[in-house]
4 protein chains.
Amino acid sequence: MPDTMKAVVKTKPKLGAELQRKPIPTYPPDWVLVKVRATSICGTDVHIYKWDDWSDKRIGAKNLPQTLGHEVAGDVVEVGAHCKRIKVDDYISAETHIYNPGDLNAMLGQLHIGDHMQILGVDCDGAFAEYFAVPESVCWVNDKSIPPEIATIQEPLGNATYTVLGEDSDVAGKTMVIIGDGPIALFAVGVARVCGLAKIFIIGKYDFNMNIAKKLGADHLLYANKDDVNRIQYIRDHTGGSGADIVLEMAGSQQALDEGFQVLRKGGRFSAFGVSADPKPAIDYNNGIVFKGAQIHGISGRRMFDTWYRNRNLLASGRLDISPVITHMFKLEDYKAGFDEMMTRPRHSAKCVLFPSSEEFEAAKKRRGVK
Amino acid sequence: MPDTMKAVVKTKPKLGAELQRKPIPTYPPDWVLVKVRATSICGTDVHIYKWDDWSDKRIGAKNLPQTLGHEVAGDVVEVGAHCKRIKVDDYISAETHIYNPGDLNAMLGQLHIGDHMQILGVDCDGAFAEYFAVPESVCWVNDKSIPPEIATIQEPLGNATYTVLGEDSDVAGKTMVIIGDGPIALFAVGVARVCGLAKIFIIGKYDFNMNIAKKLGADHLLYANKDDVNRIQYIRDHTGGSGADIVLEMAGSQQALDEGFQVLRKGGRFSAFGVSADPKPAIDYNNGIVFKGAQIHGISGRRMFDTWYRNRNLLASGRLDISPVITHMFKLEDYKAGFDEMMTRPRHSAKCVLFPSSEEFEAAKKRRGVK
Amino acid sequence: MPDTMKAVVKTKPKLGAELQRKPIPTYPPDWVLVKVRATSICGTDVHIYKWDDWSDKRIGAKNLPQTLGHEVAGDVVEVGAHCKRIKVDDYISAETHIYNPGDLNAMLGQLHIGDHMQILGVDCDGAFAEYFAVPESVCWVNDKSIPPEIATIQEPLGNATYTVLGEDSDVAGKTMVIIGDGPIALFAVGVARVCGLAKIFIIGKYDFNMNIAKKLGADHLLYANKDDVNRIQYIRDHTGGSGADIVLEMAGSQQALDEGFQVLRKGGRFSAFGVSADPKPAIDYNNGIVFKGAQIHGISGRRMFDTWYRNRNLLASGRLDISPVITHMFKLEDYKAGFDEMMTRPRHSAKCVLFPSSEEFEAAKKRRGVK
Amino acid sequence: MPDTMKAVVKTKPKLGAELQRKPIPTYPPDWVLVKVRATSICGTDVHIYKWDDWSDKRIGAKNLPQTLGHEVAGDVVEVGAHCKRIKVDDYISAETHIYNPGDLNAMLGQLHIGDHMQILGVDCDGAFAEYFAVPESVCWVNDKSIPPEIATIQEPLGNATYTVLGEDSDVAGKTMVIIGDGPIALFAVGVARVCGLAKIFIIGKYDFNMNIAKKLGADHLLYANKDDVNRIQYIRDHTGGSGADIVLEMAGSQQALDEGFQVLRKGGRFSAFGVSADPKPAIDYNNGIVFKGAQIHGISGRRMFDTWYRNRNLLASGRLDISPVITHMFKLEDYKAGFDEMMTRPRHSAKCVLFPSSEEFEAAKKRRGVK
């Protein structure tokens, strides 16, 4: 074990981050130390990288410097003295919601929502580094057959799976509209296809993303930013006039909310995942919810660890192939290129994966047939 | 059987209704004819009586005259040739949602919501009469131990029970906030108390109603129109800091929506029953739904006939006593007095029951100890 | 419309059935008349054909003659005067559970189980004929893209789908053991694969059937009648030591029950579909159910019409291809060949479809590439 | 803090136990030390006290001496260095299922069932002592308004509540048959009554217990050991001919299993809690489960901590009063009298509570009006 490591660190409350050498993290006795094999860039990381208002309020300049990143896969190299479950050499990913066991929600089994939760890479140092430390309680042991570039994106994949399955996981043979074409919406298409949704509509904006959606199994591509097709009518026409059984709102815009409740059939389920740009958007409460007998499921994080379990099974089976969503891979040192990709609009990237080690980077390129 | 009957008929598109003699209704072979024992006034009847914009749009002047009323209990006196289930002398109440069996929702067992539904007393003649006709498909056979003045209010009671129980009926041992103090909110208090809610808060406005809520089992009375207590803080303080497991929105105001999502605990269930005065109210989507992992259940009508079955059992057991909500009883001829009570503000009435027959009226007064 | 039609009729309480000319059926005003495009042989038909003890008790010699058959697809040619939903030219299949609307279960939405139910082809004339009559209430409108030889087997497919999905339809990403290799078990494999089961084990007996299971997506084939592999240990080894999330018992033998509860993980779900040869088999109640915290779902028929809806969606999507289970097709006149196939052991047939019309037979052969 | 304490210790593999002075327990850093205020005798303790075959196999002579007892309430006096949730002076009860966080079931939120679980007082020293140590992970903080003699019996009350509510907690307005009249069945009556069961039948044996059942809210008392009433017919007659919505099997006899499945309505729920005397009883699989479309829920322990949460709410509300089930209270030193009561047949005791401190004993007697 070396004494220091490379890490991508947010040092100042302004755009950017620095590659630094830092000491290997120390940690409490119920945490573990992990050697990072792959880590990936989330929208949250981009917020912090840009240091927007949210970052300033949520993290605060006084808490810098802090290592970025929370999507990760790696090998456990040390375990604290009071760990009970995780062992050295376990190949893990981390759930980023570090729950407080005293919260009522935690006591009731809803570990992913709680009044006193901490987020990896937001409330403490993250995983854009050669090593990171994390509580044993949020470690998930990966199936060895899942390569690191896939294992690292299980965290956002989990968002997608939870949004698709909702609280009841009752999706088989149903119809679904997915609104949004960001990486998590694209994952959702793949999950929906594998889990027996019989008809999948996606409403997105960018050809680049829509093509990935098509590869992952979307049946009908509708553009939110084009008026050639009446989206509401189109979806009703293709669902026997009733609308879709399930709608996933993964865009967060007023238009998404308006259209989402319109294309939902009576008695259908609406997964609310997108963070609304307007914190108090206008909602068609009477017709969209009350008279429609709609079921709305607020989706935050992913179920711990029910969602992880299902995803491990699906990925290990080979039935779920989300690799088309990975559009870029870089060495950790080249994190700036990754962030640049993530900040460019119109988007021509979905998910960027970073590798601290050249060997892992080369192996991943080989697996994906990339030179 | 006489040739004609008394009926309270909406004749003109303006305030009021007329007591008329009309022929006994004729009906199709899968309908039944019912002798009314008791009928009661719903808020919908008041809208029609007043002939407000909703009535004008929903019913339309061209469809008058039409008999009012849909809350009812009576004895079946004739059944059509193709009826299979209901028999002469059955003591029934009517579900008012006359479903279309071809609607997808009907095929899926969600009889109470459908794209081509008719409402008794809105889309056809109603029950403020000595006799009324109704499809067999929406008849519910009452337990004979339930008196007519209670049996007639099972329809709005069903709204309350469905709102309390939501889609999953998972309420035992939980905490609940009921927002609103109209008759259905008051019923909800009674149902909640009998069904094992361990702590029941009501947020209302009128002492008259709040006293009924107290009788029916509310533990904490909070006033929406007074600022002596911080309602949000009060509820959190009395729920271990987390908020209530379940919130019933039965008021339809912006304040109700705002406070409702604030007092709901993370991962809790929010029953959306109130019709919002503002058709597109602003909702705290991010904090109230998404990050909170809330479950919202839109409540329209009541489950057919799951809700009726549970209510029959509860009423027949004597455990559920909703009689305090009945504040006025009149002979059918005195319907104007009933509507006057319903239109007076501040309200000093909850539910008005009308009796076409003097014998039934006298028997009901005797049962209730009224002179 | 002709006056008479071909029909396969059970005439005597002994092995066999006769091809007869019979009058076109008459029917009540809420029934419809259907021209049969395809019909298929169920195990129940074989019981009746053989006239075993069950048939003698269930149907009785005094009720003969009776037309056989209940799996069917056809075009509606007439509708009774009081039909509301089905129209002439609708392409339908029939749910065989003719529910009594007065049963409590029917009132509660559980149309498929009731105290006073009738079965098509068992309690009344069936569908092995050019025409058959059926209550509108059990007609299901097929998607026109589904060919008749598939549409007719939706009834047993519905058994399979209901067994796979259970009461909650929570299957995505889980592991499943299917015990049995009859046609419905084979359908179950196909449904499970399409609905996101991540690992599917089948325990069967016959190579012929197991090969079909493999085609439909089974991951692990285990033989109930060979001892080369310890089945219990094998399944545990391939499920992380815990056993499978879901077990489908579709064989009805003591061995199936014993092994089924052993390979179920704690807290898992066990679908009980197989009819036990021993009416009161010994069950490992303490370890298999109580201490295991198992959920057992008794499966009878299929949900009306939730199961039909999902299957229609899945079949129309092309995702679910159950055609490998159809191993034989005959003209209706050649019904004896079909029954002979069904009665031969070891089985080298799964599902036999019969066609009253030569045109339909030829079209089906062409679709399936059969000479 | 003293150095030693009184404890009731199983020392030899034969009938009985000894009152000893032992050192105050030491414990790992994620455990807590609790001063016992009340503890109560469970059937499991009686098995160990008698040292029957089960005890010999489950615990084994080589693991003696061991302190008995696992139902308990007390005050935390010390917390280990790595505890996060429980604080000194917390008033707690202990869940007895010490889960292994690495079990798949634990990862999926089913903490109460797991492949590597330990039981307090069975796999380690228990709570019949002045002090006991327990992992923080299974501590439940009591509401201070619940007296110790009630708080200690929350563990078996939790069994009852879980059996009543099943996996879905859908009980409001339904009918229920409870088979058995032991203490947990009696608790179940009380819970059922408070949670809105509209009609409660109990099938028991002993007048002493049946009288308690009546006090707790049973509507119909049926004797399993008398033939004056046809129990099956009686229950059907009182449930509209269909049978009960929910059956709780809490007796474990063949008769209970036979009758339980007969009185369950089609589509009903059967909670399997009783441990069957015959490990592989004969079950009417076809008619009782498959054709009936029954849902069977195996009940082991109680949900952690959903069941505890609901019970805390119900007890603190005063709505649930289970005190009639406490029939005897003793000082800890008089444990033999308690065990003698528990071993006497026919039973004239339900639950015995023991108090290590005279002050607590006197306070409890005063609360219960006992001299």
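The values are calculated or read from the model by the stated rules, or taken from the named source; none is laboratory data. The model shown is predicted, which means the values in this text are computed figures rather than measured ones. Here the Cβ is made from the backbone with ideal geometry for all residues, glycine too, and neighbour counts use every protein chain on show.
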Hey, can you tell me all the residues within the range A:343-362 that are of a type outside the set (D, E, K, R), out of contact with any strand residue (DSSP E or B) (no Cβ under 6 Å at 6 or more places or on another chain) and assigned to a helix (DSSP H, G or I)? A:Met343, A:Ser358
So, of the residues in the range A:260-294 that are touching a residue at least 24 places away in the same chain (Cβ under 8 Å) and among the hydroxyl-bearing types (Ser, Thr, Tyr), which turns out to be surrounded by the most Cβ atoms within 10 Å (Cβ to Cβ)? A:Ser271
Determine whether the range D:157-170 contains at least one residue that is acidic (Asp, Glu), at negative phi and more than 14 Å from chain B (Cβ to nearest Cβ). no
Looking at D:Val46, D:Val8, which is the one that is in contact with a strand residue (DSSP E or B) (Cβ under 7 Å, 6 or more places away or on another chain) and either more than 13 Å from every other protein chain (Cβ to nearest Cβ) or not in a strand (DSSP E or B) (or both)? D:Val8
Which one of these is at pLDDT below 95 and within 14 Å of chain A (Cβ to nearest Cβ): D:His116, D:His82, D:His112? D:His82
Being among the small types (Gly, Ala, Ser) and more than 25 Å from C:Phe330 (Cα to Cα) narrows C:Gly60, C:Gly43 down to just C:Gly60
Of the listed residues (D:His116, D:His97, D:His112, D:His82), the one being closer than 26 Å to C:Phe291 by Cβ, touching a residue at least 24 places away in the same chain (Cβ under 8 Å) and out of contact with any strand residue (DSSP E or B) (no Cβ under 6 Å at 6 or more places or on another chain) is D:His97
May I ask you to list the residues in the range A:202-225 that are touching a residue at least 60 places away in the same chain (Cβ under 8 Å) and either within 13 Å of chain C (Cβ to nearest Cβ) or not charged (D, E, K, R) (or both)? A:Tyr206, A:Phe208, A:Asn209, A:Ile212, A:Leu216
A:Ala106 - would you say it is modelled with pLDDT of 95 or more, aliphatic (A, V, I, L, M) and assigned to a helix (DSSP H, G or I)? yes
Which ones in the range A:141-162 are in contact with a strand residue (DSSP E or B) (Cβ under 7 Å, 6 or more places away or on another chain), within 13 Å of A:Met304 (Cα to Cα) and either surrounded by 24 or more Cβ atoms within 10 Å (Cβ to Cβ) or among the hydroxyl-bearing types (Ser, Thr, Tyr) (or both)? A:Gln154, A:Glu155
Looking at (1) surrounded by fewer than 22 Cβ atoms within 10 Å (Cβ to Cβ); (2) closer than 24 Å to C:Asp278 by Cβ, which is the one condition that is false for C:Cys42? (1)
Return the residues of the range C:267-311 that are among the basic types (Lys, Arg), away from chain A (no Cβ under 14 Å) and closer than 25 Å to D:His116 by Cα; say none if nothing qualifies. C:Lys292
Give just the number: which of (1) surrounded by fewer than 24 Cβ atoms within 10 Å (Cβ to Cβ); (2) assigned by TED's automatic domain parsing to the domain that holds B:Leu332; (3) more than 14 Å from B:Ser300 (Cβ to Cβ) does B:Gly126 not satisfy? (1)
Say whether the condition of being in contact with a Pro (Cβ under 9 Å, 6 or more places away or on another chain), more than 17 Å from C:Arg269 (Cα to Cα) and small (Gly, Ala, Ser) is met by at least one residue in the range C:166-184. no
Take the residues in the range C:178-194 that are touching a residue at least 60 places away in the same chain (Cβ under 8 Å) and within 14 Å of chain A (Cβ to nearest Cβ), then tell me which one is surrounded by the most Cβ atoms within 10 Å (Cβ to Cβ). C:Ala188
Any residue in the range C:54-73 that is closer than 30 Å to B:Asp115 by Cα and modelled with pLDDT of 95 or more? yes
Answer yes or no as to whether B:Asp143 is part of a loop (DSSP other than H, G, I, E, B) and away from every other protein chain (no Cβ under 14 Å). no
If I filter the range C:124-135 for residues that are away from chain B (no Cβ under 14 Å), out of contact with any strand residue (DSSP E or B) (no Cβ under 6 Å at 6 or more places or on another chain) and part of a strand (DSSP E or B), do I get at least one hit? yes
From the option list D:Glu155, D:Glu167, single residue qualifying as in a loop (DSSP other than H, G, I, E, B) and of a type outside the set (Ser, Thr, Tyr) is D:Glu167
Yes/no for C:Met329 being more than 7 Å from every other protein chain (Cβ to nearest Cβ), in contact with a strand residue (DSSP E or B) (Cβ under 8 Å, 6 or more places away or on another chain) and within 30 Å of A:Gly243 (Cβ to Cβ): no
Set D:Leu19, D:Leu15: member being in contact with a helix residue (DSSP H, G or I) (Cβ under 7 Å, 6 or more places away or on another chain), farther than 26 Å from D:Tyr99 by Cβ, of a type outside the set (D, E, K, R) and outside any strand (DSSP E or B): D:Leu15
